[in-house]
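Have a look at the structure below before the remarks.
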Amino acid sequence: MLLDGEDWTSKFKTFQTEAWRLETLPQYLVPQEADEFAAFKAGARFPGPYEDSWTEMVRTRNVGRVHILTRPLSDYLRFEFERYYHHQAPAGEDIRILDVTDRPNPLPDVQDFWMFDRSTVVLMHYEADGKQISRELYEGDPAPFVEYQRIAVAASVPFLEYVTR
């Protein structure tokens, strides 16, 4: 089952205990970010802190993610760090970085996904360049994804620790 529109946004409104994401790509092409990303590449910066519906949510709800990456950081990752992570982590989102530049990736074949309440998994499908194709409600056993989360969290460091190194 593909998720879009209200079916997708309702996942963030109705989860009870936790929303968690695994990110594996060096770039995500999101149409609503195109202008800000272009401005960032041209030298614009995003001072903060800022408030939006996402930071408001992470202040009061348990939301986390691990982003698997390698150095050097892509332009998009540098943008994502400055535009989002630097504001969302202090607001309460548990953002973690799993840098696999100098070590094996413990989740080499795992694709991007969101998991809600450790029971509902949404697979995120992307083109090779990071353009989103679709979101698919996974209908199988969520246990492997709970294990992917455990591995990713154990092997990663908090975002604010990562950027101060």
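Here the calculated FRET efficiency for Asn62 and Ala42, from their Cβ-Cβ distance with R0 = 41 Å, stands at 0.70, rounded to the nearest 0.05. When we measure straight from the Cα of Lys41, which lysines land under 26 angstrom away, once same-chain ones fewer than 8 places off are left out? Leaving aside lysines fewer than 8 places away in the same chain, those within reach of Lys41 are Lys131. Computed on protein heavy atoms with a 1.4 Å probe, the accessible areas place Thr9, Thr60, Thr14 in the order Thr60, Thr14, Thr9, largest first. The alpha-carbon atoms of the stretch 83-141, seen along their principal axes, cover 33, 30, 24 angstrom, with the largest extent given first.
Under the convention that each Lys and Arg Cβ holds +1 and each Asp and Glu Cβ holds -1, the size of the dipole of the stretch 1-92 around its Cα centre is about 360 debye.
Projecting the Cα atoms of Tyr85, Tyr50, Val157 onto the charge dipole of the stretch 30-165 (Cβ charges, centred on the Cα centre) puts Val157 farthest toward the positive pole. When the charge dipole of the stretch 13-165 is built from unit charges on Cβ atoms (+1 for Lys and Arg, -1 for Asp and Glu) and taken about the Cα centre, the candidate among Leu123, Phe40, Phe145 whose Cα reaches farthest toward its positive end is Phe40. How large, in percent, is the carbon and sulfur part of the accessible surface of the stretch 11-165 at a probe radius of 1.4 Å? After summing per-atom areas, the C and S share lands at 52 percent.
In order along the stretch 67-80, the phi-based Karplus estimate (6.51 cos²θ - 1.76 cosθ + 1.60, θ = phi - 60°) of 3J(HN,Hα) comes to 10, 8, 8, 10, 8, x, 5, 5, 4, 5, 5, 4, 4, 4 Hz; Gly and Pro are listed as x. Distance between the 7 Å Cα→Cβ label points at Glu18 and Asp75: 3.6 nm.
Heavy atoms of the protein chains alone define the surface here; on that basis the stretch 31-89 has 54 Å² accessible area per residue at 1.4 Å probe size.
The values are calculated or read from the model by the stated rules, or taken from the named source; none is laboratory data. Keep in mind it's a predicted model, so treat the numbers as computed, not measured. Backbone-built Cβ (ideal geometry, glycine too); neighbour counts: all protein chains shown. These area figures cover heavy atoms from the full protein model, side chains too; ligands, DNA and RNA do not enter into them. Shrake-Rupley method; radii C 1.70, N 1.55, O 1.52, S 1.80 Å.
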